[in-house]
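The values are calculated or read from the model by the stated rules, or taken from the named source; none is laboratory data. Small disclaimer: the values here were computed from a predicted structure and weren't measured. Here the Cβ positions follow ideal geometry from the backbone for every residue, glycine too, while neighbour counts run over all protein chains shown. Areas reflect the complete protein model, heavy atoms only, side chains present, ligands, DNA and RNA absent. Shrake-Rupley method; radii C 1.70, N 1.55, O 1.52, S 1.80 Å.
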Amino acid sequence: MRQYLRNTWDGIYTAFVGMKITFKHLFTRAVTIQYPEVKVPMVDRARNRLYVNIEDCIGCEQCSKACPVSCITIDTVKSTPTDPVGTTSNGKKKALWVTQFDIDIAKCCFCQLCVFPCPTECIKMTSVYEYSEFERESLIYKFASLSEAESAEKKANYEKFEAEKAAAKAAAAAKPADQNKTE
Amino acid sequence: MALKTERMVLNMGPQHPSTHGVLRLELEIEGELVTKVTPHIGYLHRCFEKHCEAMMYNQVVPYTDRMDYLASMYNNWGYALAVEKLCGIQVPERVEYIRVIMGELQRIASHAVAVGTFGLDIGAWTPFLYLFRDRERILTLFEMTCGARLLYNYIWVGGLSHDIHPDFVRMTREFLESFKPTVTEVNNLLSYNKIFIERTANIGVLPLDTAINYGCTGPTLRGSGLAYDLRRDDTYSIYNKFDFNVITGQGLQGTLGDTWDRYYVRVQEMLESVKIIEQALDQLPAEGDVQSAIPKRIKPPKGHVYTRVENPRGELGYFIISDGNTNPFRVKVRPPSFVHLEIMDDLTRGHLISDIMAILGSIDIVLGEVDR
């Protein structure tokens, strides 16, 4: 009986100890924020949506090789001497046309492993985190600046150049052979 | 005439809110008493170990994040230690200190979730909110340092992905100062609350010999009274430089090794982690490149290695076999949660159904790690 009363008293007393603490917290500043209206500022190193500055991309494919979930697809075409690609902002000469640079952001695991190996620092993580879409296809971001027709043109250009080079080579190889014949 | 009774099978989960993830418990009950518990796992299986075989060594690190998502730093660290041992990499001292600080902050964050959700399972809502408020501050410290709040990919093989933020040391000290009163509050709100004690003391008693036989580690084993802590007993990194106590259960509110003991070990361990972080911040070398020891290409020699670290939940072991390639031949993980889930049947036998959630909360499993 005595123990029963003691337990009851302990139950009431310790509950009041807790109440006292919660009552104190009534007068502290709220730590929650009203999200859509108020937003937490993002830190400088925030790792959210990927962004590619395609002007600086040299098409080395190091980011797609580093990606553990293979969410980056890159396709390139070699440039020809008559139609150079240009240079990056830090003066590096670009040798490849980037005809395709797709990032499937739905697959991305935000590990930032693609950012570190980039030689021109053109792929980086931004602080944008609100980008929901209704269609899954809309989450495949296409960063390549060339249109489909342009890509086809560059490809045709390169093939033509290669064919001409091969023809020239064949001609050069054929010439000495001809000379040998005549002598 | 004796009353004819029949055993009934009851499914708890996988959508039960107190199963801490997606765990299905198949209960065999006799009236209100549980006679057998069979955990069914695999709802979160993501083929971690098989995936690793197709990844390069540094690409595995983001995958380890996703195992025990409440203690990602520790998962990174265990993996990094294993590969460093395999390759024979010596990391700079500053890296070791930062790793210890991050690991112990992660331990506080993980125990805060464990203690908070444990109270939530019992029906105490308030301490959960206070602990999550403080956990948010730890996550902000992590976010400041590496940019992510939950899946860090911070501790790399041979170094760290970023150096700490210039404000990090100051903010960590501020946090530690403000965190100590929270622990006192939680003790007054929850640990010494009579109703809470009645729900947890003498429930789910885990005798020490059973705990050892099942291979329990971490707070689950220490709650049964054995002072076994890998940080002290199988020192890795620079834990031998710090002064801290290994907390064990004392059986203060009932039998030794009951649910309350396991819970209270976690509460006290948070304060021990605070002690370690304070010492580490004092000794932290001011200068040093945290990426100087990171190899350009990780290609360990042929061989195998097993390393273990004291995860917030227990012994987290990595067994890696290398065949001399850039991909690991095999990565095997020994997760503490998986081992601890096995004791559920022993612990719950003869208890009420309402006690099952208390017991499950006290062994603190993370299903992401159980299933991998």
What does the helix-only formula give at 222 nm for chain B: each DSSP H stretch with n ≥ 4 adding -39500 (n - 2.57), the total divided by the residues, and the result rounded to the nearest 500 deg cm²/dmol?
-14500 deg cm²/dmol
Which value, in debye to the nearest 20, describes the size of the charge dipole of the stretch B:79-234 about its Cα centre when Lys and Arg Cβ atoms bear +1, Asp and Glu Cβ atoms bear -1, and nothing else is charged?
180
Give, ordered by residue number, each residue of the stretch B:41-59 whose 1.4 Å probe accessible area is reduced by a minimum of 40 Å² on adding the remaining protein chains to the chain alone.
B:59
Below 8 Å between Cα atoms, with a sequence gap of 6+, how large is the relative contact order for the stretch A:50-161 in percent?
35
Working from Cα positions, state the angle (0 to 90°, nearest 10) between the long axis of helix B:126-146 and the longest principal axis of chain B.
20
Output the pairs from A:124/B:332; A:93/A:165; B:36/B:194; B:241/B:296; B:241/B:299 with a Cα-Cα distance over 27 Å in this structure; if there are none, say none.
A:124/B:332; B:36/B:194; B:241/B:296; B:241/B:299
Would you mind telling me the share, in percent, of accessible area of chain B contributed by carbon and sulfur at probe 1.4 angstrom?
54
Per residue solvent-accessible surface (Å²) - the protein assembly as shown, probe of 1.4 Å
48
The helix A:148-182 Cα axis meets the longest alpha-carbon principal axis of chain A at an angle in degrees, between 0 and 90 and rounded to 10, of 30
Cross-link reach from residue A:160 to aspartates and glutamates, straight Cα distance under 20 Å and at least 8 residues apart if same chain, gives A:75, A:83, A:148, A:150
Taking the Cα centre of the stretch B:292-370 as origin, work out the dipole magnitude from +1 charges on Lys and Arg Cβ and -1 charges on Asp and Glu Cβ, in debye rounded to 20.
800
In whole percent, and with a 1.4 Å probe on the protein chains, what portion of the accessible area of the stretch A:50-161 is carbon and sulfur?
50
So which GluC sites (Glu not before Pro) in the stretch B:283-350 pass both tests, a DSSP loop state and at most 10 other Cβ atoms within 10 Å of the Cβ?
B:287
Which value in nm describes the separation of the simple spin-label points at residue B:271 and residue A:132, placed 7 Å from the Cα toward the beta carbon?
4.3
Can you list the residues of the stretch B:149-172 whose accessible area drops by at least 20 Å² going from the chain on its own to the full set of protein chains, with a 1.4 Å probe?
B:153, B:156, B:162, B:165
Dipole magnitude (debye, nearest 20) for chain A, charges at Cβ of Lys, Arg, Asp, Glu:
1160
Heavy atoms only, 1.4 Å probe, whole protein assembly: order B:330, B:297 by accessible area, highest first.
B:297, B:330
For the stretch B:192-207, list whatever residues lose no less than 50 Å² of accessible surface once every protein chain is in place, relative to that chain by itself, with the probe at 1.4 Å.
B:194
0 to 90° range, to nearest 10: angle between helix A:2-25 axis and chain A longest Cα axis
50
In terms of the charge dipole of chain A, which places +1 on Lys and Arg and -1 on Asp and Glu at the beta carbon, the residue among A:141, A:17, A:131 farthest towards the positive end is A:17
If you take the accessible area of B alone plus A alone and subtract the pair, what total do you get in square angstrom, rounded to 100, with a 1.4 Å probe?
2300
Between residue B:11 and residue B:202, how high is the FRET efficiency from 1/(1 + (r/R0)^6) when r is the Cβ-Cβ distance and R₀ = 30 Å? Nearest 0.05.
0.65
